[in-house]
Amino acid sequence: VGKPIFTSDRMYQQTPPGVVCGLAWTAMGGSTLYIESSAVGESKRGAFEATGRLGDVMKESIQIAHSYCKKLLTSLEPGNTFLDTNRVHLHIPEGATPKDGPSAGCTLVTALLSLARDQPVRQDLAMTGELSLTGKILPVGGIKEKVIAAKRADIKIICLPEENRKDFDDLPHFIREGIEVHFVSHYTDILPIAFPS
Amino acid sequence: VGKPIFTSDRMYQQTPPGVVCGLAWTAMGGSTLYIESSAVGESKRGAFEATGRLGDVMKESIQIAHSYCKKLLTSLEPGNTFLDTNRVHLHIPEGATPKDGPSAGCTLVTALLSLARDQPVRQDLAMTGELSLTGKILPVGGIKEKVIAAKRADIKIICLPEENRKDFDDLPHFIREGIEVHFVSHYTDILPIAFPS
Amino acid sequence: VGKPIFTSDRMYQQTPPGVVCGLAWTAMGGSTLYIESSAVGESKRGAFEATGRLGDVMKESIQIAHSYCKKLLTSLEPGNTFLDTNRVHLHIPEGATPKDGPSAGCTLVTALLSLARDQPVRQDLAMTGELSLTGKILPVGGIKEKVIAAKRADIKIICLPEENRKDFDDLPHFIREGIEVHFVSHYTDILPIAFPS
């Protein structure tokens, strides 16, 4: 009623370090949704805070992504203690829109990793997928709506869970065409796509 | 019912450091709404507290504004540690009126910045706009009611989100005339307007 | 409605240290359910955190398993202070599915023990059983559904509470065949099965 939930199809033309495009699925259809992260102070045990009217499942997703990302960062860059020593603020605009569900898991890890490495992710990239504590990527709902939303926002590359391959393959050709899709089963499959060296 | 939501059209004739005029939209129409901020003690990690019968979305807006303003202040005045070492109290009169929504974002940053710099903002200025964690200004509702309220309170200059330009342009000429409007897409667009040097 | 609760019959083909397969019983039938655990930082008193939309009874199960496992580990490996010095994160995918009940008790202890010893458990193993604070294994519901789910996921060995022996014996032969069952009355009965030396 009234104002559309997401007024802009694409909030960032260029994403800086710490910002990554996710794909959401609402009663009104799919939409892009940016995860923003920022270091806001020192912290002895690497705390985080989150805003954006997030539901309980999404708050847990952040906790899982933060735990997993700390481990991943330690293995990728042993000297990088960013997530252990900084307080990180995560925000998901728009602030008045309630958001919930586990499907932002892989996007949250990517945002934290991009922030901790001070490295922007590949442009025109979006992703969706639930994250397990060990980095597995689990299937999510709304693949059709999410792919349509990505194309509408001029996204060129998307990462989808391997277990959603069948959902993507079932889409009509005119929806599937013009977008580069990567099916991933573990977060480490996303690394070379988001951070090509 | 009963007492009108805002009893005075303009609470401050002159705003001191830390106080900035925002624009609110209620079921009863638009109104000006002042954000007041004050340092209330030392704090090791730069805490804040907020009053004014604020809803959850507005509380999150304060958290986002505080995080963003810390980063902005560091880039504007590297030696200014005000927000890291002081506990700040934010209040939005009138205390009995419930307030919610994300549209005070840019006003909150401006109040915190004015307090931290001990510098009043330009007089006769009001603003509205949701803030993202990286400083983007997102569109808000109630542009017509807010512009009418600003004029009724003798405000001369307003900042509106760029994405609300169409809403402003659709207003009848007699509402638009007599007010200087700036459309902003990032908080840094507000800086030279609020703090002309 | 819509998406099935568990889309994959078997999430892990190989379980790493800290991950153990449990058996759950839902309104939709039985299913395998993996407990994932990971050390996420130092902790002076051996704290833990848990995610996966867990109900209060399951949260208490984790508390009981953590308390019991600390004692057990001290007796098995006196020098191993892992659970006293690390903050452990436990997660049970899938994140949007509510989970509750006490029957994951023995699985939780096994996951913590596997993590603390940095030793994977025997592959193709699943278990179910409530845990008492002293390590007793108490009976649980849904034996038939759980055994069917284990076989569907290609599990070869299951541990069931001794007091559920009658429920298993009542199952038709074609369900019971092809799976190695161990009936246990105390957690120490599970040790040589999960960690054969």
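General remarks:
- The charge dipole of chain C, taken about its Cα centre with unit charges on the Cβ atoms of Lys, Arg (+1), Asp and Glu (-1) only, comes to about 220 debye.
- Contact order normalised by residue count of the stretch C:37-129, Cα under 8 Å, 6+ apart, percent: 43 percent
- For the set A:Lys70/B:Lys59; A:Lys44/A:Lys70; B:Lys144/B:Lys166; C:Lys146/C:Lys166; C:Lys99/C:Lys166; C:Lys136/C:Lys166, the pairs lying more than 20 angstrom apart at their alpha carbons are A:Lys70/B:Lys59; C:Lys99/C:Lys166.
- Database remark: amide H of C:Leu131 closer than 5 angstrom to the amide H of C:Gly105, C:Cys106, C:Leu138 (H placed geometrically; neighbours at sequence offset of 5 or more, or on other chains; Pro and chain starts carry no H).
- J(HN,Hα) series, the stretch C:57-62, from Karplus relation 6.51 cos²θ - 1.76 cosθ + 1.60, nearest Hz, glycine and proline x: 5, 5, 4, 5, 4, 5
- Label points for B:Val181 are taken 7 Å from Cα along Cα→Cβ. From this copy to the others they lie 4.3, 7.5 nm apart, shortest first.
- Shape category assigned to the stretch C:1-148 from the gyration tensor of Cα positions, a/c cut at 1.5: prolate
- Helix C:143-152 axis versus longest C-alpha principal axis of chain C: approximately 90°, rounded to the nearest ten.
- Under 5 Å, built H, 5+ apart or other chain: amide partners of A:Asp100: A:Gly55
- Shape category assigned to the protein assembly as shown from the gyration tensor of Cα positions, a/c cut at 1.5: prolate
- Note, ³J(HN,Hα) from phi for the stretch A:40-49, Karplus 6.51, -1.76, 1.60, rounded to Hz, x at Gly and Pro: 10, x, 7, 8, 6, 10, x, 7, 9, 9
- Of all DSSP bridge pairs formed entirely within chain B, close to 55 percent run antiparallel.
- Three-way shape call for the stretch B:19-103 based on the alpha-carbon gyration tensor, with the a/c threshold at 1.5: prolate
- Inter-centroid distance (Cα atoms) of the stretch B:116-133 relative to the stretch C:108-140, Å: 57 Å
- Over the residues of chain A, the helix contribution to mean residue ellipticity at 222 nm works out to -9500 deg cm²/dmol, using -39500 (n - 2.57) for each DSSP H run of at least 4.
- Segment B:Ser43-B:Glu177, length gained on full extension (0.36 nm per residue, minus Cα span): 43.7 nm
The numbers here are math on the coordinates, done by the rules we state, and not lab data. It should be emphasised that the depicted structure is a prediction, and the values quoted were computed from it without experimental measurement. Cβ atoms come from the backbone with ideal geometry, glycine included; neighbour counts cover every protein chain shown.
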